[in-house]
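The values are calculated or read from the model by the stated rules, or taken from the named source; none is laboratory data. Just so it is clear, the structure is predicted and the values come from calculations on it, not from any experiment. Heads up, the Cβs are rebuilt from the backbone with ideal geometry, glycines too, and the neighbour counts pull from every protein chain shown. For the accessible areas, the whole protein counts, side chains as well, though only heavy atoms, and no ligand, DNA or RNA atoms are used. Shrake-Rupley method; radii C 1.70, N 1.55, O 1.52, S 1.80 Å.
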Amino acid sequence: MAANNRRMSGKKGAQVGSGGQRRRGLEGKGPTPPAEARKGHKKNRIANSKAKQVQRRPAPRGRGGKGTSEMVVGRNPVVEALREGVPAVTLYVQQFIDNDERVREALQLVAERGGIHLMEAPRPELDRMTNGLNHQGMVLQVPPYEYAHAEDLANAAYDKGEDPLIVALDGVTDPRNLGAIVRSVAAFGGHGVLVPERRAAGMTAGAWKTSAGTAARTPVARATNLTRALEAYKKAGLAIVGLAADGDHEVGELAALQGPVVIVVGSEGKGLSRLVGETCDFRVRIPMPGGAESLNAGVAAGVVLYEAARKRS
């Protein structure tokens, strides 16, 4: 009995259960994920490599493609962009930001719209994202715009049983002009806007804001070469009408506006480029009794679109 007591005295107190850990350790962890999802597996490495190749692959030449993402920086610009329905992916808010009216409104708009991620970030990270701009603690990430193809604009009109009414921009570099023209196209029953891929305004947040939401339903196409795109429209039966201060026709006299037509608007300073001007079937002018030398590109496009809509009604 003494020997038995000695054996028992070697134990370190009362024995305690495992608390269920051993039992849970025997339980399964659910179905095994596929090989592509298992980190370190050969198929996972192959899948990741293919995904990176797709991300690096450029958009096919000659197609509309995508623009580039951009950042809207500053409290007022962010709030205005959200008010106007500018597409957004993420709203970045600085940690410990002063909670003023603009911050509260931005957060409320994000909550109401839905689909926008809300991220809190330290100031150094926002400084890095904006290259040191005065972001005031708020940065809105705008996704790349998905451009249509030039053919899509005419095809959409024919699908509706209508003659295409398209506006092409030659050398217009101000996004606000592009947004205003998109708005006029929507107002007067047009079917889209065509812009060159280079040295031209694109569908930025500024263009979205100026369009007052109409960019959501009015397609914008992008062409690698504007002259070739216009020549393709001509072969498809569309009249190419260029606006020029020294045009041979007054806009109110041009019967071609009643049918399938592309209205080409040049830059306010230089007008139409030489090759684009030579591609036009008609060069028209807007009479200005007041004596002004030229009109803003957005205003000029609106005048001609109104005349085209009036002739078609």
Next item on the list: Working with all protein chains in place, sort Met129, Met119, Met203, Met288 by solvent-accessible area computed with a 1.4 Å probe, largest first.
Entry: Met119, Met288, Met129, Met203
Next item on the list: Report the accessible area of Thr224, computed with a 1.4 Å probe over the heavy atoms of all protein chains in place, in Å² rounded to the nearest 10.
Entry: 60
Notebook entry, point to check: What are the ³J(HN,Hα) values, in whole Hz, obtained from phi via the Karplus relation 6.51 cos²θ - 1.76 cosθ + 1.60 with θ = phi - 60°, for each residue of the stretch 243-253 in sequence order, with x given for Gly and Pro?
Noted result: 8, 8, 4, 9, x, 7, 10, 7, 4, x, 9
Margin query: So, R0 is 22 Å and r is the distance between the beta-carbons of Val299 and Asp248; what FRET efficiency does that work out to, to 0.05?
Written below: 0.55
Margin query: Give me the percent of accessible area attributable to carbon and sulfur for the stretch 84-167, probe 1.4 angstrom.
Written below: 46
Next item on the list: Quote to one decimal, in nm, the extra length available between Ala156 and Leu133 on full extension: 0.36 nm per residue of separation minus the C-alpha distance between them.
Entry: 4.1 nm
Notebook entry, point to check: Which part of the stretch 103-142 falls in the paramagnetic zone of Gln95, meaning amide N under 13 Å from the point 7 Å along Cα-to-beta-carbon?
Noted result: 120-126
Next item on the list: Quick one: accessible surface of Leu230, probe radius 1.4 Å, all protein chains present, in square angstrom to the nearest 10.
Entry: 0
Next item on the list: Enumerate the amide H contacts of Ala221 below 5 Å, restricted to partners 5 or more residues apart or on another chain; note that Pro and chain-start residues carry no placed amide H.
Entry: Ala148, Val193, Leu194, Val195
Margin query: Quick query: amide H of Gly247 versus all other amide H atoms, modeled in the peptide plane; which residues come in under 5 Å with a sequence gap of 5 or more or a different chain?
Written below: Arg285
Checklist line | Within the stretch 126-167, GluC sites (Glu not before Pro) in DSSP loop having at most 14 other beta-carbon neighbours inside 10 Å | finding: Glu162
Notebook entry, point to check: Once amide H atoms are built 1.01 Å from N in the peptide plane, which residues 5 or more positions from Ser211, or in another chain, come under 5 Å H to H?
Noted result: none
Next item on the list: Return the distance in nm (one decimal) between the two label points of a simple spin-label model at Arg198 and Arg113, each offset 7 Å from Cα along Cα→Cβ.
Entry: 3.3
Next item on the list: Could you tell me which of rounded, prolate or oblate describes the stretch 204-313, using a ≥ b ≥ c as the square roots of the eigenvalues of the alpha-carbon gyration tensor, with rounded for a/c under 1.5 and, failing that, prolate when a/b is larger than b/c and oblate otherwise?
Entry: rounded
Note to self: For the pair Arg217/Ala236, report the inter-label distance in nm, with labels modelled 7 Å from Cα in the Cβ direction.
What the structure shows: 2.2
Notebook entry, point to check: What's the carbon and sulfur percent of the stretch 213-313's accessible surface, probe 1.4 angstrom, rounded to a whole number?
Noted result: 50
